[in-house]
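Let me begin by presenting the structure, written as structure tokens, before commenting on it.
The values are calculated or read from the model by the stated rules, or taken from the named source; none is laboratory data. Note that this is a predicted model, so its numbers are computed, not measured. Positions of Cβ are backbone-derived with ideal geometry, glycine not excepted, and every protein chain shown enters the neighbour counts.
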Amino acid sequence: MSSFWHKKEESDRLTYKLSSFKKVSILTVLMVSLTLNIGFAAENNNKESLNKIYHVYVGNEYMGAVSDSTAVREIIEEKERAASIQYKEYSVDASENVKIIPEQVFSKETDDSETLAKVEQTLVAQTPAFALMVDNEPIAYLKDANDYEETIRLLKLQYVSPQELASWDASQQTIQNLPTLQSGESRITNISFKQVVSGVTKKVAPNEILSPEDAVKVLMTGSIEQQQYQIQPGDVLGSVAKAHSLTTAELLALNPEITVDTVLQIGQPLNVTVAKPFVTIEVEREKKITDTIPFEKVIEKDPTMPKGESVTKQRGVEGKKEITYLLTSENGTQTSKTPKEENILQEPTQNIEVVGTKVIPSRGSGDFTWPTVGGYISSNMGKRWGGQHRGIDIARPSNYNILAADNGVVVATGFSGSYGNRIMINHNNGYTTLYGHLSSINVEVGQVVEKGSVIGIMGTTGNSTGIHLHFEIEKNGALVNPLAYVSR
């Protein structure tokens with residue numbers, strides 16, 4: 001019996017366990033089913049609450065988000081249509097610079113009107129162009145490569161003639177040696193930019209594209225239009241220059257039609273724009289010229305010939321030579337001139353002059369010394385007081401000694417009208433000198449005097465307003481200006 005109940009007890013426990021397992025299993029299935037249903041319902045609800053918006057960029061600049069990209073595409077199309085009408089010769093595009101990026105979001109809040117207004121304001125239709133670069137910086141935009149080449153050609157023509165440029169271009173197409181230059185001829189050996197000038201295709205707004213002529217203005221001056229100033233009452237060149245941070249010389253250089261003596265008129269326009277070129281064009285030329293070779297002057301001394309006399313033994317003749325120069329200029333200003341080749345066509349002939357060295361006490365050398373000990377010129381030769389002043393007046397010397405201007409013979413002394421006390425010396429070489437207004441005379445007629453010797457004392461005799469010396473020189477009987485002959 002115990003065995004039976006024991007088995008029955010085990011059977012009951014097993015039945016209970018199975019029953020419990022079934023209950024737990026059923027509960028688990030119900031829970032899983034409920035969880036799956038709740039999850040599926042949440043997923044459906046999430047899908048229903050997500051919204052799509054569109055982020056808009058123009059270039060790298062964020063414009064904002066819109067709920068519908070259609071309006072953005074309409075702006076693009078309108079920009080392209082308007083640009084196509086205004087710039088018929090260009091192929092325009094406004095879409096390439098626009099990025100529209102969609103995004104799924106829970107919230108659909110966007111400010112379409114503000115974003116579209118920013119797109120409208122920022123977006124510009126563009127067209128392919130050819131950028132002229134200077135040292136890798138874009139300076140001017142041109143329609144195409146042909147306009148780029150024309151701009152380069154016009155730049156060169158700022159400083160070379162069309163004929164020179166044509167010859168230069170032709171020389172670049174041949175490997176043959178250039179013909180020999182003739183005297184007076186020149187030719188270009190190189191044209192180059194000191195900066196790196198290149199071209200590259202880019203997209204820009206059509207209104208940024210310049211004609212070759214306007215591109216040249218920008219490259220050579222820094223702007224298309226020159227600033228002008230209209231003269232106002234009270235203006236002078238100096239004040240106009242200072243007001244525009246220029247010197248007077250710079251202002252005159254900008255306006256070659258005026259000078260420092262020009263009377264400015266109210267309303268007259270003056271250019272006040274200083275050119276600030278982006279490029280420097282270097283032009284190298286070779287030029288052949290025929291030049292003279294100066295002759296050498298040779299002096300031979302003859303001790304038998306009186307001092308002051310000379311004869312030409314051999315007349316000098318200039319020689320001739322051909323020189324080929326290398327000339328370099330930058331923007332029209334010459335920067336160097338170097339001889340490349342020289343060829344002597346004719347040697348020069350010396351000019352030989354024989355001069356006398358024999359000193360004759362009664363004969364002058366023709367080289368006059370200053371007739372006083374210092375002093376200054378108080379009156380020059382020429383018209384004075386309604387008459388002709390025949391010489392020069394010398395006043396305020398260191399002392400009052402009067403000196404013979406050169407060797408010679410005294411031919412006159414004593415009082416002579418307006419001269420007062422005067423001395424005349426014949427230098428026996430075509431020259432005579434006169435010394436007037438002396439207070440005393442130390443020589444006699446016929447006396448031989450030596451250059452620099454004391455012949456009298458300065459005074460104020462005759463027609464004189466003060467102590468001074470009146471000094472004259474005659475050459476072959478005609479008055480000459482003493483200042484052209486005396487040396488101090």
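If we scan the stretch 179-191, do we find a residue that is assigned to a helix (DSSP H, G or I) and not β-branched (Val, Ile, Thr)? Show your work before the answer.
Within the stretch 179-191, the subset assigned to a helix (DSSP H, G or I) is none.
Scanning the stretch 179-191, I find no residue that is assigned to a helix (DSSP H, G or I) and not β-branched (Val, Ile, Thr), so the answer is no.
With respect to Ile473, determine if the residue is in contact with a helix residue (DSSP H, G or I) (Cβ under 8 Å, 6 or more places away or on another chain), among the hydrophobic types (A, V, I, L, M, F, W, C) and touching a residue at least 40 places away in the same chain (Cβ under 8 Å). Step through it out loud before you land on a result.
Values: in contact with a helix residue (DSSP H, G or I) (Cβ under 8 Å, 6 or more places away or on another chain): yes; among the hydrophobic types (A, V, I, L, M, F, W, C): yes; touching a residue at least 40 places away in the same chain (Cβ under 8 Å): yes.
Criteria met by Ile473.
Hey, does the stretch 173-184 have a residue that's of a type in the set (Gly, Ala, Ser), touching a residue at least 12 places away in the same chain (Cβ under 8 Å) and within 27 Å of Leu210 (Cβ to Cβ)?
Step one: of the stretch 173-184, the residues of a type in the set (Gly, Ala, Ser) are 183-184.
Those left that are additionally touching a residue at least 12 places away in the same chain (Cβ under 8 Å): 183-184.
Now restrict to residues that are within 27 Å of Leu210 (Cβ to Cβ): none.
No.
Out of all the residues in the stretch 83-93, is one or more part of a strand (DSSP E or B) and among the charged types (D, E, K, R)?
To start, the set of residues in the stretch 83-93 that are part of a strand (DSSP E or B) comprises 93.
Then drop every residue that is not among the charged types (D, E, K, R), which leaves 93.
Looking for residues that are part of a strand (DSSP E or B) and among the charged types (D, E, K, R), one finds at least one in the stretch 83-93, hence yes.
Tally up the residues in the stretch 339-362 that are within 51 Å of the chain's Cα centre (by Cα) and assigned to a loop (DSSP other than H, G, I, E, B), please.
Of the stretch 339-362, the ones within 51 Å of the chain's Cα centre (by Cα) are 339-353.
From the residues that got through so far, the ones that are assigned to a loop (DSSP other than H, G, I, E, B) too are 347-348, 350.
Adding up the residues that qualify gives 3.
If you take the residues in the stretch 381-410 that are in contact with a strand residue (DSSP E or B) (Cβ under 8 Å, 6 or more places away or on another chain) and loosely packed, with under 14 Cβ neighbours inside 10 Å, which one is nearest to Thr465 (Cα to Cα)? Spell out the reasoning first.
Going through the stretch 381-410, the residues in contact with a strand residue (DSSP E or B) (Cβ under 8 Å, 6 or more places away or on another chain) turn out to be 381-383, 388-410.
Pick out the ones that are also loosely packed, with under 14 Cβ neighbours inside 10 Å and you get 382-383, 388, 396, 398-399.
On the way: Gly382: 18, Lys383: 17, Gln388: 17, Arg396: 13, Ser398: 19, Asn399: 19 Å.
Selected residue: Arg396.
Might you let me know whether the stretch 211-230 holds any residue that is over 27 Å from the mean Cα position of the chain (by Cα), surrounded by 15 or more Cβ atoms within 10 Å (Cβ to Cβ) and closer than 30 Å to Glu89 by Cβ? Break it down into steps so the answer makes sense when it comes.
Step one: of the stretch 211-230, the residues over 27 Å from the mean Cα position of the chain (by Cα) are none.
No, the stretch 211-230 contains no residue that is over 27 Å from the mean Cα position of the chain (by Cα), surrounded by 15 or more Cβ atoms within 10 Å (Cβ to Cβ) and closer than 30 Å to Glu89 by Cβ.
Would you mention how many residues in the stretch 192-210 are surrounded by 14 or more Cβ atoms within 10 Å (Cβ to Cβ) and either under 20 Å from the mean Cα position of the chain (by Cα) or farther than 15 Å from Val134 by Cβ (or both)?
Of the residues in that region, 9 qualify.
Only one residue in Tyr419, Tyr400 is aromatic (Phe, Trp, Tyr), over 60 Å from the mean Cα position of the chain (by Cα) and at negative phi, so which one is that? If you could, list the steps in order and put the result at the bottom.
Values: Tyr400 fails: over 60 Å from the mean Cα position of the chain (by Cα).
The conditions single out Tyr419.
Looking only at residues that are polar (S, T, N, Q) and part of a helix (DSSP H, G or I) in the stretch 119-174, which one is surrounded by the most Cβ atoms within 10 Å (Cβ to Cβ)? It would help to see each step written out before you state the result.
Of all residues in the stretch 119-174, those polar (S, T, N, Q) come to 121-122, 126-127, 136, 146, 151, 158, 161, 163, 167, 171-174.
Pick out the ones that are also part of a helix (DSSP H, G or I) and you get 121-122, 146, 151, 163, 167, 171.
Values: Gln121: 10, Thr122: 14, Asn146: 11, Thr151: 25, Gln163: 8, Ser167: 14, Ser171: 14.
Looking at the filtered set, the residue picked out is Thr151.
Collect the residues in the stretch 273-297 that are part of a loop (DSSP other than H, G, I, E, B) and either under 15 Å from the mean Cα position of the chain (by Cα) or under 30 Å from Trp168 (Cα atoms) (or both), keeping them in residue-number order. Even if it seems obvious, please write down each step before you answer.
Filtering the stretch 273-297 for residues part of a loop (DSSP other than H, G, I, E, B) gives 273-280, 294-296.
If the condition is that a residue be part of a loop (DSSP other than H, G, I, E, B) and either under 15 Å from the mean Cα position of the chain (by Cα) or under 30 Å from Trp168 (Cα atoms) (or both), then Thr273, Val274, Ala275, Lys276, Pro277, Phe278, Val279, Thr280 are the ones that fit.
Kindly evaluate Thr189 against the criterion of being under 30 Å from Glu96 (Cα atoms) and either at pLDDT 90 or above or surrounded by 17 or more Cβ atoms within 10 Å (Cβ to Cβ) (or both).
Working: under 30 Å from Glu96 (Cα atoms): no; either at pLDDT 90 or above or surrounded by 17 or more Cβ atoms within 10 Å (Cβ to Cβ) (or both): yes.
Considered against the rule, which asks whether it is under 30 Å from Glu96 (Cα atoms) and either at pLDDT 90 or above or surrounded by 17 or more Cβ atoms within 10 Å (Cβ to Cβ) (or both), Thr189 comes out as no.
Does the stretch 186-195 include one or more residues that are in contact (Cβ under 8 Å) with a residue 12 or more places away in the chain and more than 30 Å from Ile289 (Cα to Cα)? Before you say what the answer is, go through the steps one by one.
Quick first cut of the stretch 186-195, residues in contact (Cβ under 8 Å) with a residue 12 or more places away in the chain only: 186-195.
Keeping just the survivors that are more than 30 Å from Ile289 (Cα to Cα) gives 195.
Checked against the condition, which is being in contact (Cβ under 8 Å) with a residue 12 or more places away in the chain and more than 30 Å from Ile289 (Cα to Cα), the stretch 186-195 yields at least one hit.
Any chance you could count how many residues in the stretch 228-272 are in contact (Cβ under 8 Å) with a residue 40 or more places away in the chain and either not polar (S, T, N, Q) or not in a strand (DSSP E or B) (or both)?
So the answer is 4.
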